[in-house]
Each structure stands twice: as C-alpha cells, then as structure tokens.
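J.: Before I ask anything, let me first share the structure, which is written out below as structure tokens.
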Amino acid sequence: FRDLSKITNNPIYKEKSDKVFDTIKPQADGLYYIFLDPNTGARKQDKITLGAMGDSYYEYLLKTWIQGGMKEDHLRAKYDESMDGVHKKLVQTTNAGSTFIADLNGDRLDLKMDHLVCFMGGLLVLGAYTDPQGLDSARAQRDLKTGIAVTETCYQTYKRQPTGLGAEYSRFNMGAPAGEDIQVPGDAPHYILRP
C-alpha cells in the first residue's frame, strides 16, 4: 500500500496501512499481545510470541522504516523498544548453547520456539546494520550477536532431524547436554512447508 501511494501519488493507501502502527500500543516492555480486541485495541489474551500470529508485526516495524527511507523515526523507535523487550523477556540460551526466543503466556515463559521465529535471525542482523547508533553501538552488537545465535539454533532444528526438515516448533531443555537440548514435541512432529 505504501508503494501504491508512491506510484499513484495518492497518500490514502499509505495512511490506511500505517494506521495499524498508530493504533496498536505495546503492552509489556515493547512487546505486543497477539490477541487484541479490534474495537478497543485491548488485549484479549496474555500471549506474546514472535512466532505464528505475531511475527509480521515486528518484521514490518523495521522494514517499513527502511522502506520509508529511514525517516519515520517512530517506527524505528518502536522496533528498538520491541527488541529491548525481546532481549529482556524472551531471549534464552540453554546450557548447551542453543539461543532461542521463547513465548510468554502471562507471567510464564514457555521454553519453545516456533519455526516462524527463525526470521528473527535475519531481522536482528538487518536491524544491527541499519542501526542509527551505528553498527559498533552496544545495541547493534547485541542484536548482531543474538541474530547469529538464533540463526544457528534454527539451523540445528533442521540438522538434527533425520529428514533435514525442522518441526513446526521446538521445545528446549535448558539443562540437557549438547545435541539433546532441542526437542521435537509430541504435538508438533510435522513440517508444513515453511520456506
């Protein structure tokens, strides 16, 4: 819609699509609940995930800022606030060294990561390389390091399977030895053509 506004020279499409960024407010440490009341914007459940049903919002904060020529500072600010929240509340590393991004259900951390969360490796690296504070800033270096680590974990979710296909989501055993910390749960032993 933003591109459509650009090529038609009509701002209405951009304005309509940008409304979501103005309407949805972060709920906890820059993070967003995935079930919102469309009339009020209030949360309907306490689930926060960067997996299914939550992934695109975080992705679009950064990519829309880039698409807009890195001029819409409110989008980058929301992205940076979100990534601070992700690091504060969701990033976990097993004793064996697998870094993943957990879900949060109310006050309970769910030690799982959806296959879809694998986009975060690239998003964090993109965010680091476009950070207004520069790639050498502490924030960019944090995001770069986490992005690389999450990508390695996603690779391992594939590599450790006999078929070479990762499951829909994985569970993490924080104290398991290397090679045993990533587990395929009984309710998601399937691959559903994720790219």
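J.: Can you find, within the stretch 35-52, the residue that is modelled with the highest pLDDT among those that are open to solvent by 40 Å² or more (accessible area, probe 1.4 Å) and closer than 18 Å to residue 108 by Cβ?
T.: This residue is 47.
J.: Same structure again: Output yes when any residue across the stretch 158-165 is open to solvent by less than 30 Å² (accessible area, probe 1.4 Å) and aliphatic (A, V, I, L, M), and no when none is. Talk me through it step by step, then tell me what you get.
T.: At the first step, the residues of the stretch 158-165 found to be open to solvent by less than 30 Å² (accessible area, probe 1.4 Å) are none.
No, the stretch 158-165 has no match at all.
J.: Filter the stretch 15-32 down to the residues that are open to solvent by 70 Å² or more (accessible area, probe 1.4 Å) and either touching a residue at least 12 places away in the same chain (Cβ under 8 Å) or aliphatic (A, V, I, L, M) (or both) and list them by number. Before the answer, list the steps.
T.: Step one: list which residues in the stretch 15-32 are open to solvent by 70 Å² or more (accessible area, probe 1.4 Å), which gives 15-16, 19, 22-23, 25, 27.
Once the filter is applied, which keeps residues that are open to solvent by 70 Å² or more (accessible area, probe 1.4 Å) and either touching a residue at least 12 places away in the same chain (Cβ under 8 Å) or aliphatic (A, V, I, L, M) (or both), the stretch 15-32 yields 16, 23, 25, 27.
J.: Something else: Residue 136 is checked against (1) assigned to a helix (DSSP H, G or I); (2) open to solvent by 60 Å² or more (accessible area, probe 1.4 Å) and fails just one. What number does that condition carry?
T.: Of the numbered conditions (1) assigned to a helix (DSSP H, G or I); (2) open to solvent by 60 Å² or more (accessible area, probe 1.4 Å), the odd one out for residue 136 is (1).
J.: Restrict the check to the stretch 88-98 and report whether at least one residue is part of a helix (DSSP H, G or I) and closer than 25 Å to residue 190 by Cα.
T.: Taking the stretch 88-98 as the starting set, the residues that turn out to be part of a helix (DSSP H, G or I) are 88-90.
Pick out the ones that are also closer than 25 Å to residue 190 by Cα and you get 90.
Checked the stretch 88-98: at least one residue is part of a helix (DSSP H, G or I) and closer than 25 Å to residue 190 by Cα.
J.: Another one. Tell me which helices (runs of 4 or more DSSP H) are completely within the stretch 1-67 and hold 3 or more residues being under 27 Å from residue 194 (Cα atoms) and not hydrophobic (A, V, I, L, M, F, W, C), or say none if there are none.
T.: Details: elements: 2-8, 12-23, 55-67.
Per the criteria, 55-67.
J.: Return the residues of the stretch 132-144 that are in contact (Cβ under 8 Å) with a residue 40 or more places away in the chain and under 20 Å from residue 90 (Cβ atoms); say none if nothing qualifies. Before the answer, list the steps.
T.: Just the residues of the stretch 132-144 that are in contact (Cβ under 8 Å) with a residue 40 or more places away in the chain, to begin with: 132, 139, 142-143.
If the condition is that a residue be in contact (Cβ under 8 Å) with a residue 40 or more places away in the chain and under 20 Å from residue 90 (Cβ atoms), then 139, 142, 143 are the ones that fit.
J.: Run residue 103 past the list (1) on the phi < 0 side of the Ramachandran plot; (2) out of contact with any Asp or Glu (no Cβ under 6 Å at 6 or more places or on another chain) and report the number of the one that doesn't hold.
T.: Of (1) on the phi < 0 side of the Ramachandran plot; (2) out of contact with any Asp or Glu (no Cβ under 6 Å at 6 or more places or on another chain), only one is false for residue 103: (2).
J.: Please state which one of 144, 111, 123 is at pLDDT 95 or above, buried (at least 21 other Cβ atoms within 10 Å of the Cβ) and within 17 Å of the chain's Cα centre (by Cα). Break it down stepwise before answering.
T.: Values: 144 fails: buried (at least 21 other Cβ atoms within 10 Å of the Cβ); 111 fails: buried (at least 21 other Cβ atoms within 10 Å of the Cβ).
Result: 123 is the single residue among 144, 111, 123 that is at pLDDT 95 or above, buried (at least 21 other Cβ atoms within 10 Å of the Cβ) and within 17 Å of the chain's Cα centre (by Cα).
J.: Hey, can you tell me all the residues within the stretch 166-195 that are surrounded by 15 or more Cβ atoms within 10 Å (Cβ to Cβ), aliphatic (A, V, I, L, M) and out of contact with any strand residue (DSSP E or B) (no Cβ under 6 Å at 6 or more places or on another chain)?
T.: If the condition is that a residue be surrounded by 15 or more Cβ atoms within 10 Å (Cβ to Cβ), aliphatic (A, V, I, L, M) and out of contact with any strand residue (DSSP E or B) (no Cβ under 6 Å at 6 or more places or on another chain), then 167, 176, 184 are the ones that fit.
J.: While we're looking at this one, here's another question. Residues that are in a loop (DSSP other than H, G, I, E, B), at pLDDT 95 or above and exposed (fewer than 14 other Cβ atoms within 10 Å of the Cβ): does the stretch 70-77 have at least one?
T.: yes
J.: Then there is this: Mind counting the residues in the stretch 53-69 that are open to solvent by less than 30 Å² (accessible area, probe 1.4 Å) and among the small types (Gly, Ala, Ser)?
T.: Of the residues in the stretch 53-69, 2 are open to solvent by less than 30 Å² (accessible area, probe 1.4 Å) and among the small types (Gly, Ala, Ser).
The values are calculated or read from the model by the stated rules, or taken from the named source; none is laboratory data. Quick caveat: nothing in here was measured; it's all calculated off a predicted structure. Don't worry about glycine lacking a Cβ; one is built from the backbone with ideal geometry, like all the others, and counts go over all protein chains shown. Keep in mind that these areas ignore ligands, DNA and RNA; they rest on the heavy atoms of the full protein, side chains included. Shrake-Rupley method; radii C 1.70, N 1.55, O 1.52, S 1.80 Å.
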